[in-house]
Amino acid sequence: MPNVPKGVAASASAISAPLSRRAKGEEERELVRMAQNGTEAAFEELVRRHQQRVFALVGGILRRREDVEDVVQQVFLKAFVSIKRFDLRAAFSTWLYKISVNECWDYLRKKKVRPLVYEADLSEEQVSRLDGIVTADRPPVAADDRAEARQLVDWMLEKIPEQDRELLVLKEIEGFSVQELADILGLNVNTVKVRLFRARGRLMDVYRRRMSRGSLRNASAAGEGKE
Amino acid sequence: MNEMEKEFRSTACPEFEVFLEDHLAGNLAGEDAAKVSAHIQSCAGCRSALVDAAASVRLLSAVEPAAAPDPGFARVMTARIRAEMDRLAAEKSIWQPFVFLGWRFAATATLALALLLTYNATLEYRLQPGLASAVRQAEPRDMFSDPGTTPESRDQALMMMVVESSHGTHQD
């Protein structure tokens, strides 16, 4: 690879300065152009700018912390290899996110694993905690509570179709916008909205069914106690 | 897909789902907002679906996002790319002589094939000129005893000529 030219260093140092969105876009295009010409530092700067979102995207789909970094590295490697073919008129972030989604699906297909599998049912104690999360005004603050909340929500997410799960996690947990999801998944914005809305319904249907099963069990236990 | 997924039916009116998602995100304003609010007041199905959707937002907000990258990730990535490019370059240099040999072989084979085809074409031309001109000059009725059967191709004409001539020889 060629040595880093002085211009790139100047460009990279300018990144920290507050820039308007348009100027940032222009600067990013310049970085991509330099990376296309083989400038290593320019690509490193692109990695620095997008690593957070790519981690969120891959983490949102795989939801296995131990696999995320490997897949993210693979994403950036693929991006580096094929950056010469990238059309500068398109958004670099969308292109990178598409590579990320494809890489995740490839990874899941090759490994033949589902993103996360919870075979066991929730205990009654866990069900009541889940109920507490749904009815609470604010999300839990303590680290332990949040870790448990993640486990309970993961159990519920496991019960809905993969596409719904991906949309909900990326939108509500990882903070992607509807427009971003539409660009990444190649869907119409309204289609994403409808799918999201239905996915929410499915998720809460899982919750409701689990709650009703618990109350049925309690009712039958109370009936047996009376007898 | 398990049993739960199969049985689920949204209670929301399909034509309002997009607006309900916008309403949930607080992205509706003006006429659309008024229209959706009025509909929610009158439609129990949409109202119930919206309550569920709001609960899903609360539920999912309890979960923290995926782990953030380490501060040195970009540098690690650059090192990995460099190592990968070096490996690819080394791999390429190992196979380079074989690739070169392969191209040379392909070029030689193409040349040999071209020569063979040219030779075949000239040979055919050299062997057949008399016969071809005879076929071109002769009228079908002169060549065959039965003028009703006109040959469809040159090969068929030649075959018929051979048959005719053998008949002639037998008659003589």
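Quick notes on this structure:
- Subset of A:78/B:92; A:84/A:171; A:98/A:171; A:111/A:159 violating a 25 Å alpha-carbon distance limit: A:84/A:171
- Nitroxide proxy distance, nm - points 7 Å out along Cα→Cβ at residue B:68 and residue B:110: 5.7
- Simple spin-label estimate for residue A:179 and residue B:58 in nanometres, 7 Å along Cα-Cβ: 3.1
- Computed on the Cα atoms alone, the convex hull of the range A:124-226 gives a volume of 111 cubic angstrom per residue.
- Taking one quarter of the surface of the convex hull spanned by the alpha-carbon atoms of the range B:1-70 gives a direction-averaged projected area of 7.2 nm².
- In terms of surrounding Cβ atoms within a 10 Å radius of their Cβ, B:108, B:11 rank from fewest to most as B:108, B:11.
- The convex hull built on the alpha-carbon positions of the range B:6-131 has an orientation-averaged projected area of 23.6 nm².
- Between residue B:15 and residue A:30, the FRET efficiency from the beta-carbon distance, with R0 = 41 Å, is close to 0.35.
- Placing a pseudo-label 7 Å from each Cα along the Cα-to-Cβ vector at residue A:23 and residue A:137 gives an inter-label distance of 4.3 nm.
- Packing-based exposure ordering (other Cβ within 10 Å, fewest first) of A:205, A:121, A:87: A:87, A:121, A:205
Every read-out reported here was derived from the displayed coordinates using simple, explicitly stated rules and does not represent laboratory data. Everything numeric here is computed off the predicted structure, so don't read it as measured data. With ideal geometry, Cβ positions are generated from the backbone for all residues, glycine too; neighbour counts draw on all protein chains shown.
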